[in-house]
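Just so it is clear, none of the values below were taken in a lab; they were calculated from the coordinates. Just so we're clear, the structure is a prediction, and the values are computed from it rather than from any experiment. Every residue, glycine as well, gets a Cβ built from its backbone with ideal geometry; the counts of neighbours run over all protein chains shown.
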Amino acid sequence: MKFCLIAVTLLAVTVPAARAQGNYEIQVYGAETVAPRTTMVELHSNFTADGHLATPGLAATNRAEHETVEITQGINDWSEVGFYIFTSEQSGLGVQWVGDHIRPRVRVPEKWRWPVGVSLSTEVGYQRALFSPDTWTWEIRPIVDKTSGRWYFAVNPALERTWHGPDVNQGLGFSPAAKISYDFTKKITGGFEYYADYGSITHIASLHNQQQQLFPAIDLNVSPNWEINFGVGIGPTASTDHWIVKGIIGHRFDWGHKDKTR
Amino acid sequence: MNQDPDSAPDYRIEIGEIDWELSPGKKLRTAAYNGRIPGPQIRLQAGKPVSIEIANRLDRAEIVHWHGQWISPDVDGSVEEGSPMIPAGASTRIRFTPRPEGLHWYHTHAMAHRSLKEGLYTGQSGLLYVEPRANPGGYDREQFVVLHDWEPYYSASDDGSLMVKYTAASVNGRMLGHDSPFAVRPGQRVLFHILNASATEPHWLTLPGHQFQVLTLDGRPVPTQAKVEALRLGPAERVTALVAMDTPGVWIMGEPRAAFRNAGMGTVIEYAGCSGKPQFTPPTRLAWDYRSFADPNPSTYKPDLTVPLVFTSRFQGHGALDRWMINGKSWPDNAPPLLHEGLRHRLIFDNRSMDDHPVHLHRHAFELVSIRGAAMSGIQKDVVVVEAGTVVEADLVAGNPGNTLFHCHQQDHMDSGFMALFRYA
């Protein structure tokens, strides 16, 4: 299970708002990385049922369907590299390429036997100005998680930085995310995912301008090779898209190199 | 054996914590017997009583099980059967008459529960060899081989529950490349006595360019001494196999699966006059079938009783071990049927779970009579790997009255309810 929310600035930035959510990849990251010589292909489908309207020069999120393809290659038992292709589809614009990101990630190897899972992700990418005034962004995301019995906890206190765009002087932004879930059965896990953007770490945005989202979500563990997640997000603050439906479907390809140690 | 309690015992076993060097770069602290891994080899003669003193220097109670021996429940080394635990700092002396012959072992029978620093995760195991009256095969040398995995940790498994993995492995207490090579000469016939003492892992063993002629399984001679390219040993299984040294070179005898071999599970076999880097080539395929060593004719005996034993598991969460059940209940809530002395019981091991289980019956041996519905006879064992989704039938002639423990020999399964106690009527 992983969750990460790509923070692509979509709002007008003339107010000291937190960076708005792009709603391209809404997922919490777990500490686990993709196994060596294995490729994980995921499709993130997010529909904003009630979002922001278009502003001059910036596309709306309202009624937008965002499809993101994520391809992650496991390098060894402590690292992976992910690559994203973001697209958006909405009335009047058709299907649009939004941008691409690359995301290397390292973890504390499982064999170190730490009591919690720990990894560190960094993500760099470009997005078209039509969809984000901040066209080049960077993120660093510490990830800590823990599975205990039927419970799963994860926290991602991510920091973001705009490299090119109106927010370039805003400095580091704080975009934490967290997840708690419970295994109802071996195949069905349910819980809550929380995503936020508090704006600059030196000037926390007002609640009005913060992004806050809560997703009741389920994970279906139908097979070790498949990853399925579904959730409905509620955004109560003015700067947040109010209703989002998200789904993730992913498949692992081991190319015949599956760990046969059992 | 001297019955005088003040006299010296035939053997002494001291259980204590040691710092052990698997390799120059890999040291670990673990409990072991007599300060070494594996513990001292004990060679006994069938029918000749022996006294063994066991001193527990640990800060927790311990117990030593005499695996494969048909002895009394009070000394077999299982609390469930009635053997007493040895309190921390205390000593005890046990006496028994070894039987049957063959390759067996002794090991801790303490529960580890969620601790990965107790039970068979430690170095508390050693070989027990009861000298056979007849030589099992013409050989020039014999070599004892004990496989073990080290530094366990919990990890997510493919089937959604936790499993135990390891970072290191050893043969006779050393990682591959860090023990003296086993020196052989062309033309020699070497008798390998092999034990898988891993807490949870089945292991394969191959020697490139050579074949293993299997003579015994769990210390009992097999009807068909078939030659195989690779041996498979579930946890607690033993194999005695003859190898003709007819391919000179410097070879790795080790796990064909690279992950285990790279973790240290292998040893070097060096022919006289050969040198260079040890070579390893994996076998073309890994296949193991008990029937290869059996009498292909079905058992002619009809069972007096049948004893179905259905293995299932209950999911406890992705961050937990499964709960294991026999006939729908976990230890200690299950109660298998009574055994009747002198009668032939057909044990039906029906594994409806997604894991293989090396199931072990204390103080007895059973004869395999069918696997996956294919009839066979002639193989007597005390551990059999019942593969996921399969049924194995085995005949037990109840001939050793007393409480008799039956369990999966995977430490994590045993600790999670996969045990049952047979009682005699």
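One table, with the values for the structure above:
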{"quantity": "For chain A: relative contact order, % (alpha-carbon pairs under 8 angstrom, 6 or more apart)", "calculated": "19 percent"}
{"quantity": "Karplus-derived HN-Hα couplings along segment A:124-137 (A = 6.51, B = -1.76, C = 1.60, θ = phi - 60°), whole Hz, x at Gly and Pro", "calculated": "10, x, 10, 9, 5, 5, 4, 9, 7, x, 7, 8, 10, 9"}
{"quantity": "Local electrostatic count, A:Glu89, Cβ distance below 11 Å [Lys/Arg +1, Asp/Glu -1]", "calculated": "-1"}
{"quantity": "Relative contact order of segment B:1-94, defined on C-alpha pairs under 8 angstrom at six or more residues apart (%)", "calculated": "27 percent"}
{"quantity": "Residue-count net charge about B:Gln45 - beta-carbon cut-off 14 Å; Lys, Arg +1, Asp, Glu -1", "calculated": "+1"}
{"quantity": "Other-chain or far-sequence residues with amide H under 5 Å of A:Ala31's (modelled H)", "calculated": "A:Asp145"}
{"quantity": "Average beta carbon contacts from partner chains per residue of B:255-265, 10 Å cutoff", "calculated": "1"}
{"quantity": "Segment B:352-425, dipole about Cα centre (Lys/Arg Cβ +1, Asp/Glu Cβ -1), debye to the nearest 20", "calculated": "220 debye"}
{"quantity": "Equivalent ellipsoid semi-axes, chain B, via Cα gyration tensor eigenvalues times 5, rooted, Å", "calculated": "30, 26, 24"}
{"quantity": "√(5λ) per eigenvalue of the Cα gyration tensor, chain A, largest first, Å", "calculated": "29, 19, 18"}
{"quantity": "Per-residue ³J(HN,Hα) for segment B:406-418, Karplus 6.51 cos²θ - 1.76 cosθ + 1.60, θ = phi - 60°, Hz, x for Gly and Pro", "calculated": "10, 7, 6, 7, 6, 4, 5, 6, 4, 5, 10, x, 7"}
{"quantity": "Point-charge dipole on Cβ atoms (K/R +1, D/E -1) for segment A:134-185, about Cα centre, debye to 20", "calculated": "260 debye"}
{"quantity": "Rule-of-thumb Rg ratio for segment B:85-177 [Cα; 2.2 N^0.38 Å; N residues]", "calculated": "1.43"}
{"quantity": "Lysines whose Cα lies under 27 Å from that of A:Lys146, excluding same-chain neighbours fewer than 8 positions away", "calculated": "A:Lys2, A:Lys111, A:Lys179, A:Lys186, A:Lys187, A:Lys246, A:Lys258, A:Lys260, B:Lys117, B:Lys165"}
{"quantity": "Integer Hz, Karplus 6.51/-1.76/1.60 couplings in order for segment A:235-249, x for Gly and Pro", "calculated": "x, x, 8, 5, 8, 10, 4, 7, 9, 9, 10, 10, x, 10, 10"}
{"quantity": "Selected from A:Ala178, A:Pro157, A:Thr135, residue furthest toward positive end of dipole (segment A:118-179; charges at beta carbon)", "calculated": "A:Ala178"}
{"quantity": "Average other protein chain Cβ within 10 Å of Cβ, residues B:146-153", "calculated": "1"}
{"quantity": "Charge dipole magnitude, Cβ of K and R +1, D and E -1 - chain B, Cα centre, debye nearest 20", "calculated": "560 debye"}
{"quantity": "Compactness of segment B:318-413 as Cα Rg over 2.2 N^0.38 Å, two decimals", "calculated": "1.10"}
{"quantity": "Computed over segment A:84-188, Kirkwood Rh from alpha-carbon pairs, angstrom", "calculated": "16.2 Å"}
{"quantity": "Listed residue (B:Leu147, B:Ser72, B:Val190) projecting farthest to the positive dipole end of segment B:50-192, Cβ model", "calculated": "B:Val190"}
{"quantity": "Cα convex hull volume per residue for segment A:122-174 (Å³)", "calculated": "81 Å³"}
{"quantity": "Debye-sum result for the protein assembly as shown in log10 I(q)/I(0), which assumes one identical scatterer on each alpha carbon, at q = 0.05 Å⁻¹", "calculated": "-0.32"}
{"quantity": "Distant-in-sequence amide H partners of B:Gly209 (H built 1.01 Å from N, under 5 Å)", "calculated": "none"}
{"quantity": "Value of Rg/Rh across segment A:131-234 [Cα atoms, Kirkwood radius]", "calculated": "1.06"}
